[in-house]
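One structure is given below, encoded as structure tokens.
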Amino acid sequence: MIKVAVVKHNNNTMEYVFKTDLDLESGDLVVCDTQRGYETARVLRTQEVKCSDAKKWIVCKVDLGEHISKVNKENRIKNLKEKIDSKRKNYSSQQINTLIGQVDSEMASLLQKLESLQNGRDHNMKEFFFVDLTGKKFKALLRDDRVTYSIKSTFSNEVITDYDTDIVRGCLANGAWKIIG
């Protein structure tokens, strides 16, 4: 007995018969070795026959499981990205930048510089008030050498220390000091 499969190729109404030794069911997608090369087809039925005119073989059954898994994963990724983008639209660019600045010191520095420029302040202004991480208020005065700031307590008005302008910029940039009114 010879096992054969009756198939229909894509976009074709004719039925064709191929030899097979595969375990196939109706509806399976298969690759057939045809006169024009390899082509896909759908199995209509299989049967055992004593004699057949079939000369060509079914090469293999196409396993769509892995493909379907890939497509499903791709769709889940697309849906998650769309949800993330939708959520992101609820936040302003400034809020997003501030969040990034909390974990990225370079971003925090850039945002501090931008804020200073937008508010008409720069880091070489003659004087400014700031609060440190403990909440204490200070006054910074640019000395005549223009490279040093004297830091005064607003409580006692006495000079506590002098800092190089680069150190002052760093404290402002990293958020250790925040300029106030």
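The values are calculated or read from the model by the stated rules, or taken from the named source; none is laboratory data. Quick caveat, the model's predicted, so the values are computed rather than measured. Because the Cβ atoms are built from the backbone with ideal geometry, glycine has one as well, and the counts that use them run over all protein chains shown.
Overview of results
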read-out	value
Residue that is of a type in the set (Gly, Ala, Ser) and out of contact with any strand residue (DSSP E or B) (no Cβ under 9 Å at 6 or more places or on another chain), where the choices are Ser52, Ser69	Ser69
Meets criteria (farther than 30 Å from Arg36 by Cβ and modelled with pLDDT of 85 or more) for Val62	no
Residues located in the stretch 52-74, provided they are small (Gly, Ala, Ser) and under 21 Å from the mean Cα position of the chain (by Cα)	Ser69
Strands (runs of 3 or more DSSP E) contained in the stretch 80-170 and holding at least 2 residues free of Cβ contacts under 8 Å to residues at least 40 places away in the same chain and touching a Lys or Arg at 6+ places or on another chain (Cβ under 9 Å)	137-142, 148-153, 159-164
Test result for Ser93, exposed (fewer than 13 other Cβ atoms within 10 Å of the Cβ), within 30 Å of Leu172 (Cα to Cα), modelled with pLDDT under 85 and not assigned by TED's automatic domain parsing to the domain that holds Val31	yes
Test: residue in the stretch 45-67 that is farther than 30 Å from Leu114 by Cα, in a loop (DSSP other than H, G, I, E, B) and touching a Lys or Arg at 6+ places or on another chain (Cβ under 6 Å)	yes
Matching residues in the stretch 25-53 - criterion: being among the aliphatic types (A, V, I, L, M) and surrounded by fewer than 17 Cβ atoms within 10 Å (Cβ to Cβ)	Leu29, Val31, Leu44, Val49
Any hit, the stretch 94-105, residues being of a type in the set (A, V, I, L, M) and farther than 30 Å from Asp166 by Cβ	no
Residues of the stretch 1-36 that turn out to be among the basic types (Lys, Arg) and in a loop (DSSP other than H, G, I, E, B), as a count	1
